[in-house]
Amino acid sequence: MSGKPSGTRISRRTLLSDAGKTAVAGAVLAPVLNSAIVSCASAADAPPLNIEAGLDRVVILPGKTYLRGWAGYGAVPHPGRPVRRGAPPPPPAPVGPAVTLAWSKQSGPGTVAFADAKAPITTATFTAPGAYVLKLTAANGQAQSASTLQVLVETPPPTQQLGAVYTRNFKISSPLWNARAKALIVNWIPHCIDQINRTDIQVGPGGIDNFVEAGKALRGEPHGLHKGYVFSNAWVHQTVEAMSIALMVDAQGDPEIVAAHKKMRATLDDWIPKILAAQEPDGYLQTAFTLSRESRNGKVIDTTGFKHWDPAHRGDHEGYVAGYFLESAINHYLMTERKDARLYNAARKLADCWYNNLGPAPKKPWFDGHQQIEQGLVRFGRFVNDMEGGGQGDHYIQLAKILLDSRYTTATGPREQLEYDQSHLPVTQQYEAVGHAVRAAYTYSGMADVAVETHDPDYQSAVKSLWHNLVHRKYYLTGGIGSGETDEGFGPNYSLRNRGYCEACSSCGAIFFHWKMHLAYHEAKYVDLYEDTLYNALLGSVDLSGKYFYYDNPLDEVVPRYEWHVCPCCVGNIPRTLLMLPTWTYSRTPDSVYVNLFVGSSIVLEKVAGTDVEMVQETNYPWNGKVAITVNPKASKQFSVRIRMPDRGVSQLYKPSPDSNGITSILVNGKAVKTAAEKGYAVIARTWKAGDKIEFEVPLKPQRVKGVEQIEATRGKVALRYGPLIYNIERNEQDITKRLAPASPVTAEWKGDLLGGIIVLNGKFADGSPMLAIPNFVRKNREPGLPLPPEEPGPDATGRRPEEPAPTSIVWIREASGKA
């Protein structure tokens, strides 16, 4: 519950934090609550009157917000929320006197109009931007109670989104990224190819053999069963996309990369005909429907009577698989410089199949149990428009909105209206990140796409609310998402246990979500966040050799990485996302280049001020903050170069110190220049000619990070960061249960002989012994990998589960109280 005391100034940051909510509630609402308690106590025959106004949220003008208040007796109902397996049913709600309700504005700069101020479920509109508090008051003739929620009302984003930069042929010169890209290209992607080509794999099966057998079935030939999960086609499509992107990374004469590229080209020549042979005549493609299935207990699941897009099979990942296929076709087409259209044409055929069958009557209503088709359709539709013009991809974008709008609204009943897959409410009425974290991130990413394409304020409001809740209530310091408390999903606000889940695929989804928010709002803070996720939650998902990976990425790590997983859904997603460096590094408008990441590279941007512009970065970031960018337009042109000024503290959950934000010493051709600061960017506007050189420095220094008090898992602890990098301490060097001295200086030191060359952070524990911290992405690289993750031990004869083993690598370090 919350309110705002008169005469007290509350900042926007505080107003939208639960800390601010707690601070102001005592001053304003305590008298109301006390009177309610007293009234109830005097009326012993009535049960306590409970009330909940609902979730804090953001509203984009001129939109409305959907209020879902509740007042009554007993526990507040949460339809669609998971119930612990084996939990007893809740007791029946007690009965009390009839309740009357009233919504009102408690504070805020403008007028609030309620569609029905006496209804618990209603809408509200606002006349002016700013911070508001809405109050829901309930009375039953014997008691009165109130609850509040906070609304931040904002103006709409720019009408035109930033232009995405497609990943095309590019060079990497960054020492860190060269090494990481090489490990992915030379070892990890070839490993995925070999695993997918196997027909004897027992754990995590389902590779190219499924497409081979489906092709036989479609030709009327004898054929085998579909192997593995129903969605096993997905990691084949991801690996096709990863290979296509890897082939656009200039080998620069490296013989190992040249050999890996040769293997990838041969693999694509082998796989593409097999994939296309498995596509049904109408364009549908998923081998788990073309073939009968081999179940995990050895039985055969006959799919002969299975229908496509049937609610009985909503969990069979039809859209998940299809979305990855659409995306793989994009980067394959770009890699071949539009010379090989086989996958592109097949993707159009598949997208047309979905469009022709799904939508308002007489088509089928549908939403998928695992989201991915939505963002895949928008990405593919935009790509078709760019390639062919004339709005030929618009209907794919329209279908993405139809599929999102169908969540909840076309469910067959309450059993299909679940938080787990974000179908518990219409998507435009969702304001809290809930459910399975990968599904959620893909949903919100697709919603961000639709918000940009339609300018629908309800979509814009929901997307901004979801982003706000995710980043300021449920975000790990590493940029990972999903605490794992709800089946690979989110827990309550501030529940961020250090052994959380942080699945690699959810990190990929978070990067796409933040990136799309950046494109929509033109703001650097979204890049700050996806940089954190890229360097910390995702980069370390694969080891330094490129031979082992992590499916989940907790901050307290116990086990080493492994070669494969029973559910290898991340194996292709990780490299395809990490290698899309041109897309993450730059964005553009017709008159601006946005420099988002600092990566030594040569990348060409098309259609800037009517010409192509090669951007050549020279930097050893994140080990060194000096950056030089040579701007090479094909023709001299007037445009702006906008350089991100990093903010290391975007999330309200974490407070780094000392300050290490911004950039310094901006020179153009050796001379200092004045820049304007806009939305987190330093703007240099001038006529650029080939060879013009920008030089600047990103401040890099060791920082201590504290979590806000509401996060129980970080109380009494401190984390360390250096630029975009979060740091771990490991048992290899020290006893990681020791406490760090709070006043001990933390210094940065280059160690070229450790873990491929890294900056380490040195300090002292409270007992005076040395502390050494290494970047999170290189954690657990000094012990052999495993074939598979170890199985969790079951309960003993008494039903007790053994205690979890102590972590050997941690982010959050215990801190001594007082001065060292």
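The values are calculated or read from the model by the stated rules, or taken from the named source; none is laboratory data. Every value quoted in this text rests on a predicted model; they were computed, and no experiment measured them. Quick reminder, even Gly has a Cβ in these numbers, built from the backbone with ideal geometry, and neighbours come from all protein chains shown. Calculation scope for accessible area: heavy atoms of the full protein, side chains included, ligands and nucleic acids excluded. Shrake-Rupley method; radii C 1.70, N 1.55, O 1.52, S 1.80 Å.
Of (1) of a type in the set (A, V, I, L, M, F, W, C); (2) buried (at least 24 other Cβ atoms within 10 Å of the Cβ); (3) assigned to a loop (DSSP other than H, G, I, E, B), A451 satisfies all except one. Which?
The number of the failed condition is (3).
What is the number of the single condition among (1) surrounded by fewer than 19 Cβ atoms within 10 Å (Cβ to Cβ); (2) under 27 Å from T808 (Cα atoms); (3) of a type in the set (S, T, Y); (4) touching a residue at least 60 places away in the same chain (Cβ under 8 Å) that T630 does not meet?
Unmet for T630, out of (1) surrounded by fewer than 19 Cβ atoms within 10 Å (Cβ to Cβ); (2) under 27 Å from T808 (Cα atoms); (3) of a type in the set (S, T, Y); (4) touching a residue at least 60 places away in the same chain (Cβ under 8 Å): (2).
Give just the number: which of (1) open to solvent by 20 Å² or more (accessible area, probe 1.4 Å); (2) aromatic (F, W, Y); (3) closer than 25 Å to G707 by Cα does F765 not satisfy?
Of everything listed in (1) open to solvent by 20 Å² or more (accessible area, probe 1.4 Å); (2) aromatic (F, W, Y); (3) closer than 25 Å to G707 by Cα, F765 misses just condition (1).
Of all helices (runs of 4 or more DSSP H) completely enclosed by the range 303-411, which ones contain at least 3 residues that are under 20 Å from A440 (Cα atoms)?
Result: 318-335, 373-388, 394-405.
Is at least one residue of the range 225-241 farther than 23 Å from A347 by Cβ and either of a type outside the set (G, A, S) or more than 31 Å from the chain's Cα centre (by Cα) (or both)?
Among the residues of the range 225-241, at least one is farther than 23 Å from A347 by Cβ and either of a type outside the set (G, A, S) or more than 31 Å from the chain's Cα centre (by Cα) (or both), which makes the answer yes.
Could you tell me whether G130 is at pLDDT below 95 and closer than 25 Å to R68 by Cβ?
no
Scan the range 238-266 residue by residue and report those that are open to solvent by 10 Å² or more (accessible area, probe 1.4 Å), out of contact with any strand residue (DSSP E or B) (no Cβ under 7 Å at 6 or more places or on another chain) and either part of a loop (DSSP other than H, G, I, E, B) or of a type in the set (S, T, Y) (or both).
Within the range 238-266, L247, A251, G253, D254 qualify.
What pairs can you find where one residue is in the range 209-228 and free of Cβ contacts under 8 Å to residues at least 60 places away in the same chain and within 20 Å of P281 (Cβ to Cβ), the other is among the hydrophobic types (A, V, I, L, M, F, W, C) and open to solvent by 30 Å² or more (accessible area, probe 1.4 Å), and their Cβ atoms are less than 9 Å apart, with a gap of 6+ or different chains?
K216/A277; R219/A277
Of these, V559, V604, which one is within 20 Å of W188 (Cβ to Cβ), touching a residue at least 24 places away in the same chain (Cβ under 8 Å) and surrounded by fewer than 21 Cβ atoms within 10 Å (Cβ to Cβ)?
Going through V559, V604 in turn, just one is within 20 Å of W188 (Cβ to Cβ), touching a residue at least 24 places away in the same chain (Cβ under 8 Å) and surrounded by fewer than 21 Cβ atoms within 10 Å (Cβ to Cβ): V559.
Determine the pairs where a residue that is without any contact (Cβ under 8 Å) to a residue 40 or more places away in the chain and polar (S, T, N, Q), located within the range 521-548, has a partner that is part of a helix (DSSP H, G or I) and surrounded by 23 or more Cβ atoms within 10 Å (Cβ to Cβ) with Cβ atoms under 7 Å apart, the partner being 6 or more residues away or on another chain.
Taking only residues 6 or more apart or on different chains, the pairs are S541/A504; S541/I574.
Quick one: V566 ticks every box in (1) closer than 30 Å to V604 by Cβ; (2) open to solvent by 10 Å² or more (accessible area, probe 1.4 Å); (3) not hydroxyl-bearing (S, T, Y) except a single one, so which number is it?
All conditions are met except number (1).
In the range 80-105, how many residues are surrounded by 19 or more Cβ atoms within 10 Å (Cβ to Cβ) and under 36 Å from the mean Cα position of the chain (by Cα)?
Within the range 80-105, residues that are surrounded by 19 or more Cβ atoms within 10 Å (Cβ to Cβ) and under 36 Å from the mean Cα position of the chain (by Cα) number 2.
Within the range 164-175, count every residue that is open to solvent by less than 10 Å² (accessible area, probe 1.4 Å) and not in a loop (DSSP other than H, G, I, E, B).
Of the residues in the range 164-175, 2 are open to solvent by less than 10 Å² (accessible area, probe 1.4 Å) and not in a loop (DSSP other than H, G, I, E, B).
Give the residue, chosen from Y431, Y396, Y355, that is open to solvent by 40 Å² or more (accessible area, probe 1.4 Å), out of contact with any Pro (no Cβ under 8 Å at 6 or more places or on another chain) and hydroxyl-bearing (S, T, Y).
Just a single option satisfies the conditions, and that option is Y355.
Hey, can you tell me all the residues within the range 473-497 that are in contact with a Ser or Thr (Cβ under 6 Å, 6 or more places away or on another chain), buried (at least 19 other Cβ atoms within 10 Å of the Cβ) and either among the polar types (S, T, N, Q) or assigned to a helix (DSSP H, G or I) (or both)?
S483
Within the range 538-551, which residues are closer than 18 Å to E730 by Cβ, open to solvent by 10 Å² or more (accessible area, probe 1.4 Å) and not hydroxyl-bearing (S, T, Y)?
D543, L544
Do any residues in the range 431-456 that are more than 21 Å from H78 (Cα to Cα) have Cβ atoms under 8 Å from those of residues that are in a strand (DSSP E or B) and modelled with pLDDT of 95 or more, where the two are at least six apart or on different chains, and which pairs are they?
V438/E503; A441/I481
Please tell me if L772 is outside any loop (DSSP other than H, G, I, E, B), open to solvent by 10 Å² or more (accessible area, probe 1.4 Å) and farther than 30 Å from R473 by Cβ.
yes
Considering every residue within the range 334-350, establish whether at least one is over 20 Å from L399 (Cα atoms), in contact with a helix residue (DSSP H, G or I) (Cβ under 6 Å, 6 or more places away or on another chain) and surrounded by 18 or more Cβ atoms within 10 Å (Cβ to Cβ).
Checked against the condition, which is being over 20 Å from L399 (Cα atoms), in contact with a helix residue (DSSP H, G or I) (Cβ under 6 Å, 6 or more places away or on another chain) and surrounded by 18 or more Cβ atoms within 10 Å (Cβ to Cβ), the range 334-350 yields at least one hit.
Would you confirm, using the coordinates I've provided, whether E791 is open to solvent by 20 Å² or more (accessible area, probe 1.4 Å), closer than 18 Å to N498 by Cα and either free of Cβ contacts under 8 Å to residues at least 40 places away in the same chain or not in a loop (DSSP other than H, G, I, E, B) (or both)?
So E791 fails the test.
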